[in-house]
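Asker: Take this structure, written in structure tokens, and hold onto it; I'll ask about it next.
The values are calculated or read from the model by the stated rules, or taken from the named source; none is laboratory data. Note that the coordinates shown come from a computational prediction; the quantities given were computed from them, not determined experimentally. Cβ placement follows ideal geometry from the backbone for every residue including glycine, while neighbour counts extend to all protein chains displayed.
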Amino acid sequence: MPYDNLPDFISHLQDDGELRRVSAEVDPHLEVTEIVDRVCKQPGGGPALMFERIRGCPLPLVVNLLGQERRIYRALGVKSWDELHERLMGSQRPEAPESWFQKLKIVGNAAGNSPWKPVPVKTGLCQQVVKVGRDIDLRELPALQAWPDDAGRFLHGGVVLSKHPQSGDRSVESIPFQILDRSSLGVHWHPHHAAFQLLHEHRQLGSHLPLAVAFGGDPTWQFLTKAPLPPQTDPLAFGGCLRGKALEVVRGRQVDLEIPAGAEIVLEGYIDAQEGPSRGGSYGQHTGSYSAPMDVPVFHITTLTHRGNPVLAQNVPGRPPMEDSALLRMYSKLSLPLLRLTIPELVDFRLLQETANDQICLVSIHKTYAQQVRKVLHALWGHQLTMFSKLIVIVDADVALDNWNDVWFNVASSLHPSRDVILGEGPSSPADHATPIPGIGSKLGLDATRKLPSEGFSRTWPAPTLMTQAVHDLVSLRWNEYQIDRPR
């Protein structure tokens with residue numbers, strides 16, 4: 001079953017050898033990052049880490065909680081992707097991609113009657129201790145200066161909660177925050193963030209933008225910050241659908257927002273829509289490079305609540321593979337049925353963690369007509385999950401995307417550059433430093449599919465050299481007889 005709070009999840013990880021406790025005192029200035037980076041680069045993503053003594057901070061720190069797929073499955077209360085897929089599909093035909101979408105439509109919006117609608121509770125663990133005014137001191141949190149040229153200490157991996165001032169539609173996302181002083185944070189967001197868009201709504205209304213940022217609690221919340229959702233889907237209800245049990249929420253102490261009842265730490269406050277920005281510095285990103293300095297709005301913290309003896313859960317940014325890499329693989333699997341709604345010929349796709357997570361995308365399709373690859377390319381560049389991919393490689397349905405060598409073999413054998421290289425333009429990742437203008441970039445598509453006569457290909461496309469099944473089975477049966485593997 002899923003976990004309602006972080007201590008239960010940590011306890012089970014430790015019992016199964018999935019968590020390491022570090023009792024030696026460590027410095028939040030760079031030292032923690034170096035340790036985490038080495039662990040995340042281990043085969044499989046390494047264990048979760050609990051740092052019990054952070055220099056200058058009274059609270060412990062936990063990182064890399066969801067750095068392995070099996071820990072993600074555990075957090076959602078399942079043992080495998082097949083079990084999670086079965087939960088999402090229910091008794092409907094798993095071969096019908098639209099059936100999942102129909103189920104998601106039941107999730108509905110924030111005002112709907114979804115069976116997974118979050119359950120309000122009067123009190124939550126997250127509000128056992130309440131601090132306001134001068135009792136708030138963000139500098140007590142074990143926030144990290146992750147990389148040498150970071151502008152200061154940052155909070156990464158918080159669950160940022162906001163809602164539309166008129167429709168009430170909820171948003172759940174992740175935004176880096178820079179600690180400016182004891183009660184204010186610099187918000188390092190970008191135009192694609194929902195909260196960024198909401199600030200314009202509040203500016204027109206002449207009101208402040210209320211925000212809440214939760215750390216810890218049910219691990220499902222962390223997963224929701226970047227989950228691929230169809231339009232008009234309430235993220236909290238989707239979280240309940242995903243974990244097979246409705247999420248518990250509690251009303252904020254000073255903001256009209258529903259927050260995770262089992263969170264470890266919650267920051268409540270507002271952004272003054274009329275206030276000018278503060279100058280924010282650079283910080284290390286998931287791309288393995290620093291962000292550009294930018295003007296950032298100030299998040300004023302009015303209330304800090306936490307569980308008794310809380311633990312701060314953080315996500316350490318850096319060049320992949322890091323914790324985000326395992327989450328990206330899960331997002332890719334979840335997105336496939338949704339992508340097929342608009343791209344029915346889609347067989348499979350992968351976002352590559354080795355390329356800053358979303359910069360290169362591999363795709364396989366059932367190709368049946370001319371120019372179909374271009375249709376797929378533009379559909380992918382129009383989708384939220386793949387809009388920042390600056391290189392998309394498309395191959396035929398029989399190419400296994402998990403086999404890197406097979407993909408590039410088909411690129412080498414099926415691509416004619418003057419015909420099969422497709423250029424485009426559009427939004428680029430704000431973290432992409434290669435673009436001359438931030439947020440605007442060019443894109444490249446490679447058509448590595450077999451060419452059809454209807455595409456003007458008059459030659460005969462050669463068949464691949466494949467052994468007959470009979471001979472394959474014969475050699476497998478006689479393999480030991482050949483004594484090729486005998487000890488020398």
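Asker: Picking from 397, 379, which residue would you name as being surrounded by fewer than 21 Cβ atoms within 10 Å (Cβ to Cβ), among the small types (Gly, Ala, Ser), within 19 Å of residue 343 (Cβ to Cβ) and out of contact with any helix residue (DSSP H, G or I) (no Cβ under 8 Å at 6 or more places or on another chain)? Show your work before the answer.
Answerer: Values: 379 fails: out of contact with any helix residue (DSSP H, G or I) (no Cβ under 8 Å at 6 or more places or on another chain).
Within the list 397, 379, the selection yields 397.
Asker: I'd like to verify a number: residues in the range 304-320 that are farther than 12 Å from residue 146 by Cα and small (Gly, Ala, Ser), how many?
Answerer: Matching residues across the range 304-320 total 2.
Asker: Counting only residues that are in contact with a Phe, Trp or Tyr (Cβ under 7 Å, 6 or more places away or on another chain) and either free of Cβ contacts under 8 Å to residues at least 12 places away in the same chain or not in a helix (DSSP H, G or I) (or both), which one in the range 31-64 is farthest from residue 145 (Cα to Cα)? Steps first, answer last, please.
Answerer: Keep residues of the range 31-64 that are in contact with a Phe, Trp or Tyr (Cβ under 7 Å, 6 or more places away or on another chain), which gives 32-33, 60-61.
Going one step further and asking which of them are either free of Cβ contacts under 8 Å to residues at least 12 places away in the same chain or not in a helix (DSSP H, G or I) (or both), we end up with 60-61.
Working: 60: 16, 61: 13 Å.
It comes out as 60.
Asker: Checking the structure you have, find out if any residue of the range 249-259 is modelled with pLDDT under 95 and not aromatic (Phe, Trp, Tyr). Don't jump to the end; show me each part of the working.
Answerer: Residues of the range 249-259 modelled with pLDDT under 95: none.
Checked against the condition, which is being modelled with pLDDT under 95 and not aromatic (Phe, Trp, Tyr), the range 249-259 yields no hits at all.
Asker: If I go through the range 304-350 residue by residue, how many of them are in a strand (DSSP E or B) and buried (at least 21 other Cβ atoms within 10 Å of the Cβ)?
Answerer: Let us first name the residues in the range 304-350 that are in a strand (DSSP E or B), namely 304-306, 312-314, 346-350.
If we keep only those that are buried (at least 21 other Cβ atoms within 10 Å of the Cβ) as well, we get 304-306, 312-314, 346, 349.
Matching residues across the range 304-350 total 8.
Asker: One residue is enough: does the range 246-257 have a residue meeting the conditions touching a residue at least 40 places away in the same chain (Cβ under 8 Å), surrounded by 24 or more Cβ atoms within 10 Å (Cβ to Cβ), at positive phi and not in a strand (DSSP E or B)?
Answerer: no
Asker: Test of understanding: among 391, 362, which residue is closer than 24 Å to residue 433 by Cβ, surrounded by fewer than 18 Cβ atoms within 10 Å (Cβ to Cβ) and in contact with a strand residue (DSSP E or B) (Cβ under 6 Å, 6 or more places away or on another chain)?
Answerer: Working: 362 fails: surrounded by fewer than 18 Cβ atoms within 10 Å (Cβ to Cβ).
Only one candidate passes the filter, namely 391.
Asker: Filter the range 241-269 down to the residues that are under 20 Å from residue 169 (Cβ atoms) and either small (Gly, Ala, Ser) or not assigned by TED's automatic domain parsing to the domain that holds residue 187 (or both) and list them by number.
Answerer: Matches in the range 241-269: 246, 252.
Asker: Could you check, for the range 144-153, whether at least one of its residues is over 23 Å from residue 294 (Cβ atoms) and in a strand (DSSP E or B)?
Answerer: no
Asker: Could we say that residue 377 is under 26 Å from residue 242 (Cα atoms) and either hydrophobic (A, V, I, L, M, F, W, C) or in the same structural domain as residue 263 (by TED's automatic domain parsing) (or both) here? Talk me through it step by step, then tell me what you get.
Answerer: Values: under 26 Å from residue 242 (Cα atoms): no; either hydrophobic (A, V, I, L, M, F, W, C) or in the same structural domain as residue 263 (by TED's automatic domain parsing) (or both): yes.
No, not satisfied.
Asker: Oh, and also: Condition (residue is in a loop (DSSP other than H, G, I, E, B), under 18 Å from residue 155 (Cβ atoms), touching a helix residue (DSSP H, G or I) at 6+ places or on another chain (Cβ under 9 Å) and not aromatic (Phe, Trp, Tyr)) applied to the range 266-285: is it met by at least one residue?
Answerer: Taking the range 266-285 first, the residues in a loop (DSSP other than H, G, I, E, B) are 272-277, 281-283, 285.
If we keep only those that are under 18 Å from residue 155 (Cβ atoms) too, we end up with 281-283, 285.
Narrowing further to those that are touching a helix residue (DSSP H, G or I) at 6+ places or on another chain (Cβ under 9 Å): none.
Within the range 266-285, not a single residue is in a loop (DSSP other than H, G, I, E, B), under 18 Å from residue 155 (Cβ atoms), touching a helix residue (DSSP H, G or I) at 6+ places or on another chain (Cβ under 9 Å) and not aromatic (Phe, Trp, Tyr).
Asker: Looking at (1) at pLDDT below 95; (2) surrounded by fewer than 14 Cβ atoms within 10 Å (Cβ to Cβ); (3) in a loop (DSSP other than H, G, I, E, B); (4) more than 21 Å from the chain's Cα centre (by Cα), which is the one condition that is false for residue 94?
Answerer: Residue 94 satisfies all of (1) at pLDDT below 95; (2) surrounded by fewer than 14 Cβ atoms within 10 Å (Cβ to Cβ); (3) in a loop (DSSP other than H, G, I, E, B); (4) more than 21 Å from the chain's Cα centre (by Cα) except (2).
Asker: Run residue 146 past the list (1) touching a residue at least 60 places away in the same chain (Cβ under 8 Å); (2) over 22 Å from residue 35 (Cβ atoms); (3) in contact with a helix residue (DSSP H, G or I) (Cβ under 9 Å, 6 or more places away or on another chain) and report the number of the one that doesn't hold.
Answerer: Looking at each condition in turn, residue 146 falls short on (2).
Asker: Can you go through 49, 88, 6, 66 and tell me which one is at pLDDT below 95, surrounded by 15 or more Cβ atoms within 10 Å (Cβ to Cβ) and not hydroxyl-bearing (Ser, Thr, Tyr)?
Answerer: On the way: 49 fails: at pLDDT below 95; 6 fails: at pLDDT below 95; 66 fails: at pLDDT below 95.
Result: 88 is the single residue among 49, 88, 6, 66 that is at pLDDT below 95, surrounded by 15 or more Cβ atoms within 10 Å (Cβ to Cβ) and not hydroxyl-bearing (Ser, Thr, Tyr).
Asker: Given 399, 411, 393, which one is out of contact with any Pro (no Cβ under 8 Å at 6 or more places or on another chain) and in a helix (DSSP H, G or I)?
Answerer: Matching residue, one of 399, 411, 393: 411.
Asker: Which of the residues belonging to the range 445-479 are assigned to a helix (DSSP H, G or I), without any contact (Cβ under 8 Å) to a residue 40 or more places away in the chain and surrounded by 10 or more Cβ atoms within 10 Å (Cβ to Cβ)?
Answerer: Hits for the range 445-479 are 453, 472, 473, 474, 475, 479.
Asker: So residue 309 clears everything in (1) without any contact (Cβ under 8 Å) to a residue 24 or more places away in the chain; (2) not assigned by TED's automatic domain parsing to the domain that holds residue 144 except one condition, right? Which one?
Answerer: (2)
Asker: Taking the options 390, 367, name whichever one is within 20 Å of residue 431 (Cα to Cα) and more than 14 Å from the chain's Cα centre (by Cα). Working first, answer last.
Answerer: Details: 367 fails: within 20 Å of residue 431 (Cα to Cα).
Of 390, 367, the one residue that is within 20 Å of residue 431 (Cα to Cα) and more than 14 Å from the chain's Cα centre (by Cα) is 390.
Asker: Determine which single condition residue 109 fails, assuming it passes every other condition in (1) at pLDDT below 55; (2) more than 22 Å from residue 213 (Cα to Cα); (3) assigned to a loop (DSSP other than H, G, I, E, B); (4) not acidic (Asp, Glu).
Answerer: Single failed check for residue 109: (2).
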